[in-house]
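Written out below as structure tokens is the structure these notes cover.
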Amino acid sequence: MKVRPITPALHGLIDYAFAATLFAVPGLIGCNRKTVLLYRGLALEVFLYGAMTRQPLALLKVIPMKAHKLIDVANLSGLSLLTGYKGIRKKSGAVAFNIGMVALGITTVLLTQWRKNDRN
């Protein structure tokens, strides 16, 4: 089996950075108020389930990594569909941001050590 380079701790750090980016960037690139609030809601959700996942940087370790992976996949599916949301599709910077975040998320999921045998 191939070794995946993203450890659970690094994945947790990436989740926190992902949430911070979702929170801050839409306002900085001039998205409308509803779109900014939508991304901020997603940022809060990503932060909370990341902070509650059983990984070294968690605040409350209750969600198994296996469940976290499923939540990541569901979130990325929803985030990819948001590209068609009017507040995003009408602004090229927002489309690029959204697609970039989806690509970053998919890459992170694919390279994360979800099981112990992914680490050796």
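No lab work stands behind these numbers, since they all come straight from the coordinates. Computed from a predicted model, the values in this text were never measured in an experiment. Neighbour counts run over all protein chains shown; Cβ positions are idealised from the backbone, glycine included.
Summary of computed values
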{"read-out": "Test result for Leu37, surrounded by fewer than 15 Cβ atoms within 10 Å (Cβ to Cβ) and not basic (Lys, Arg)", "value": "yes"}
{"read-out": "Segment 25-48, residues that are under 12 Å from Met101 (Cβ atoms), free of Cβ contacts under 8 Å to residues at least 40 places away in the same chain and aliphatic (A, V, I, L, M)", "value": "Leu42, Ala43, Val46"}
{"read-out": "Any hit, segment 59-67, residues being under 16 Å from Pro8 (Cα atoms), assigned to a loop (DSSP other than H, G, I, E, B) and of a type in the set (Gly, Ala, Ser)", "value": "no"}
{"read-out": "Some residue of segment 87-110 being among the charged types (D, E, K, R), loosely packed, with under 12 Cβ neighbours inside 10 Å, over 15 Å from the mean Cα position of the chain (by Cα) and part of a helix (DSSP H, G or I)", "value": "no"}
{"read-out": "Qualifying residue in segment 76-94 (condition: more than 30 Å from Val3 (Cβ to Cβ) and among the β-branched types (Val, Ile, Thr))", "value": "yes"}
{"read-out": "In segment 4-21, the residues that are under 9 Å from the mean Cα position of the chain (by Cα) and touching a residue at least 24 places away in the same chain (Cβ under 8 Å)", "value": "Ile14, Asp15, Tyr16, Phe18, Ala19"}
{"read-out": "Members of segment 1-25 that are assigned to a loop (DSSP other than H, G, I, E, B) and of a type in the set (S, T, N, Q)", "value": "Thr7"}
{"read-out": "Selection from segment 26-58 of residues that are in a helix (DSSP H, G or I), under 17 Å from Thr108 (Cβ atoms), in contact with a Phe, Trp or Tyr (Cβ under 8 Å, 6 or more places away or on another chain) and not small (Gly, Ala, Ser)", "value": "Val46, Phe47"}
{"read-out": "Residues of segment 60-86 satisfying the condition of being more than 17 Å from the chain's Cα centre (by Cα) and within 19 Å of Gly100 (Cβ to Cβ)", "value": "Gly84, Tyr85"}
